[in-house]
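The values are calculated or read from the model by the stated rules, or taken from the named source; none is laboratory data. Computed from a prediction, not measured in an experiment: that's the story for all the values here. Because the Cβ atoms are built from the backbone with ideal geometry, glycine has one as well, and the counts that use them run over all protein chains shown. Remember, those area values only see protein heavy atoms, side chains included, never the ligands or the DNA or RNA. Shrake-Rupley method; radii C 1.70, N 1.55, O 1.52, S 1.80 Å.
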Amino acid sequence: MKPIYMEMNGHAVNTIVPPPLSPLVIQITPREANRINVVGDMLVREFGSCENPAYISELHLNAFQLLPERIVKILSNFGTDFSAAQYGAIIFKGLIHVDQEDLGPTPSSWQQMDPAKLYRYGFISSLLHGVVPSKPVQYFAQRKGGGLIHAVIPDEKMSYTQTGSGSKTDLFVHTEDAFLFNQADFLSFLFLRNEEGVPSSLYSIRSHGEMNDNLKALFKPIYKCPKDANYALEDFQGEDVTTSVLYGNEARPFIRFDAAEQIYNEQADQSPEAMEHLVNFWEEAQPLIYNDYVPDAGDLIFVNNHLCAHGRNAFLAGFRKENGVMVKCERRMMLRMMSKTSLINIQSVAHTDDPYLIMEEHYGSLFKK
Ligand SMILES: [Fe+2]
């Protein structure tokens with residue numbers, strides 16, 4: 001792997017920086033966590049839900065005023081750093097305190113979740129997106145919108161699927177909504193519960209280091225990506241739009257990629273050339289996947305969806321291993337939020353009456369409003 005030479009103040013510095021292979025981990029101090037919890041509860045009292053227009057239209061003001069300054073600085077820098085050294089994900093350890101008793105048992109699916117239980121976490125997640133700065137949005141392609149914050153809960157009926165509701169198969173690394181041109185810019189995953197001890201996977205395009213021939217081939221606009229398994233089978237009609245996997249700066253590219261849909265899904269219908277490039281890339285990428293992190297309740301992963309893909313290992317929902325024996329536990333619960341840095345740039349695909357709701361169905365085509 002080639003070394004990377006840092007540039008500082010326009011001068012090349014001799015320091016060799018190896019490609020980043022793991023996310024930045026920020027340990028939140030008890031004082032910071034306490035502040036964040038207090039702010040979350042205060043906003044619930046003042047606004048009810050983070051979707052209250054009076055709150056979300058002034059999100060950035062709230063975010064810069066209310067979050068601890070260290071976190072504001074870290075996320076502001078994260079929003080503008082696409083350098084060779086930037087992995088594209090930050091793990092905030094111990095961001096919040098989760099009252100497990102107040103949360104109660106994990107519901108059987110996300111549809112059964114009491115939205116009121118999530119309000120404080122919606123405010124806290126939105127503040128983090130707000131300081132990037134980025135605007136929380138929702139996608140009709142995911143749960144027909146379903147609100148700005150989504151509870152991701154293992155659902156027995158979907159346990160073998162490649163979706164957030166699955167559990168019994170590995171969820172391959174993917175950038176979120178790789179089948180959309182207007183996919184999220186930033187993502188947050190807030191863990192309320194991970195008693196099963198399921199590791200999260202992350203993969204960064206920056207882990208490859210400098211560009212090589214395998215990566216350059218991904219700039220060709222020849223790759224297909226079916227809509228993901230959240231859709232019913234009859235919706236998998238072959239749409240013939242092809243696009244590149246890498247885009248943006250040629251030396252410091254962004255990535256749009258879904259291993260399950262683009263490589264392993266038989267309906268991906270890639271050309272032989274496209275499949276050959278994808279397989280070559282995937283062989284190089286797999287050893288670079290970071291899989292050493294097991295989220296605790298209260299941790300949050302913040303992701304640049306153009307630099308870093310995510311996934312998780314297969315697991316048996318509601319069971320954890322203790323001294324080699326499987327014992328019952330509460331099922332996993334995670335809260336996802338997605339955001340775009342510009343509402344203006346998405347209005348051609350947004351709902352006429354809701355500028356925060358993205359109606360793109362598949363590479364530029366829209367759901368009927
Ligand atoms: Fe995902």
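Equivalent ellipsoid semi-axes for region 239-369, as square roots of 5 times the alpha carbon gyration tensor eigenvalues: give them largest first, rounded to whole Å. Could you put the intermediate results ahead of the total?
Numbers: eigenvalues 196, 114, 53 Å².
They are 31, 24, 16 Å, listed from largest to smallest.
Could you tell me the distance between the Cα centroids of region 294-331 and region 92-147, to the nearest Å?
When both Cα centres are located, 17 Å separates them.
Residue 220: which lysines have alpha carbons under 24 Å from its alpha carbon, excluding same-chain residues fewer than 8 sequence positions away?
2
Taking R0 as 30 Å, what FRET efficiency do you get between residue 181 and residue 52 from their Cβ-Cβ distance, rounded to the nearest 0.05? Each step should come with its number before you reach the end.
Numbers: r = 30 Å, r/R0 = 0.99.
Approximately 0.50, to the nearest 0.05.
Once Rh is set to the Kirkwood radius over Cα pairs, what Stokes-Einstein translational diffusion coefficient, in µm²/s, holds for region 136-281 at a temperature of 37 °C and a viscosity of 0.692 mPa s?
Details: Rh = 16.7 Å.
Roughly 197 µm²/s, to the nearest whole number.
Looking at region 4-132, send over the antiparallel percent of its DSSP beta bridges, to the nearest 5. Could you put the intermediate results ahead of the total?
Details: 4 of 8 bridges.
Around 50 percent antiparallel, to the nearest 5.
For the chain, modelled as a Gaussian network with Cα springs under 10 Å, which listed residue fluctuates most, 322, 239, 32?
Highest fluctuation of the listed residues: 322.
Kindly flag which residue pairs out of 144/168; 216/368; 73/321; 168/368; 93/224 have an alpha-carbon separation exceeding 27 Å in this structure.
Values: 144/168 25 Å; 216/368 36 Å; 73/321 39 Å; 168/368 34 Å; 93/224 37 Å.
Distance filter (> 27 Å) returns 216/368; 73/321; 168/368; 93/224.
Assuming 0.36 nm per residue, please report the length gained on full extension of the stretch residue 240 to residue 169 beyond their Cα-Cα distance.
Details: separation 71, 0.36 × 71 = 25.56 nm, distance 2.83 nm.
Extra length from residue 240 to residue 169 when fully extended: 22.7 nm.
If ligands, DNA and RNA are left out, what is the accessible area of residue 334 with a 1.4 Å probe, given in Å² to the nearest 10?
Roughly 20 Å² of residue 334 is accessible to a 1.4 Å probe.
How big is the chain on each of its three principal axes, counting only the C-alpha atoms and giving the largest first in Å?
Projected onto its principal axes, the Cα set of the chain covers 55, 55, 54 Å.
Is it possible to state the helix-based mean residue ellipticity at 222 nm for the chain, with each DSSP H run of 4+ residues giving -39500 (n - 2.57), the sum divided by total residues, to the nearest 500 deg cm²/dmol? What is it? Walk me through the intermediate numbers first.
Values: 8 runs with 74 residues, N = 369.
Value at 222 nm, helices only, nearest 500: -5500 deg cm²/dmol.
Report the net charge of residues surrounding residue 112, where surrounding means a beta-carbon distance below 13 angstrom and charges are Lys +1, Arg +1, Asp -1, Glu -1. Walk me through the numbers before you get to the answer.
On the way: positive: 117, 157, 331; negative: 114, 155, 156.
Result for the local shell: 0.
In a GNM of the chain with a 10 Å cut-off on Cα contacts, which of 96, 28, 124 has the highest mean-square fluctuation?
28
Using packing as a proxy for protection, rank 127-135, 18-26 so that the peptide with the highest average count of other Cβ atoms within 10 Å comes first. Show your work: numbers first, answer last.
Details: 127-135: 24.2, 18-26: 16.6.
Top of the packing list down: 127-135, 18-26.
How high is the relative contact order of the chain? Use alpha-carbon pairs under 8 Å, at least six apart in sequence, and give a whole percent. Before the final figure, lay out each step's value.
Numbers: 744 pairs, mean separation 95.9, N = 369.
Relative contact order of the chain: 26 percent.
In nm, what is the difference between 0.36 nm times the number of residues separating residue 157 and residue 35 and their Cα-Cα distance? Intermediate results must be reported in sequence, preceding the final value.
On the way: separation 122, 0.36 × 122 = 43.92 nm, distance 3.90 nm.
Length gained, residue 157 through residue 35: 40.0 nm.
DSSP beta bridges in the chain, what fraction antiparallel, as a percent rounded to 5? Intermediate results must be reported in sequence, preceding the final value.
Working: 49 of 55 bridges.
The answer is about 90 percent antiparallel.
What ranking of 102, 81, 114, 292 comes out by heavy-atom accessible area, probe 1.4 Å, highest first? Don't skip to the answer; put the middle values down first.
Details: 102 100, 81 45, 114 75, 292 125 Å².
From most exposed to least exposed: 292, 102, 114, 81.
Roughly how many percent of the accessible protein surface of region 208-362 is carbon and sulfur, given a 1.4 Å probe and a whole-percent answer? Don't jump to the answer; show the numbers that get you there.
Working: 3470 of 7050 Å².
Carbon and sulfur together cover 49 percent of it.
State in Å² the accessible area per residue of region 221-369; use a 1.4 Å probe, count heavy atoms of protein chains only, and round to the nearest integer. Each step should come with its number before you reach the end.
Working: 6960 Å² over 149 residues.
That works out to 47 Å² for each residue.
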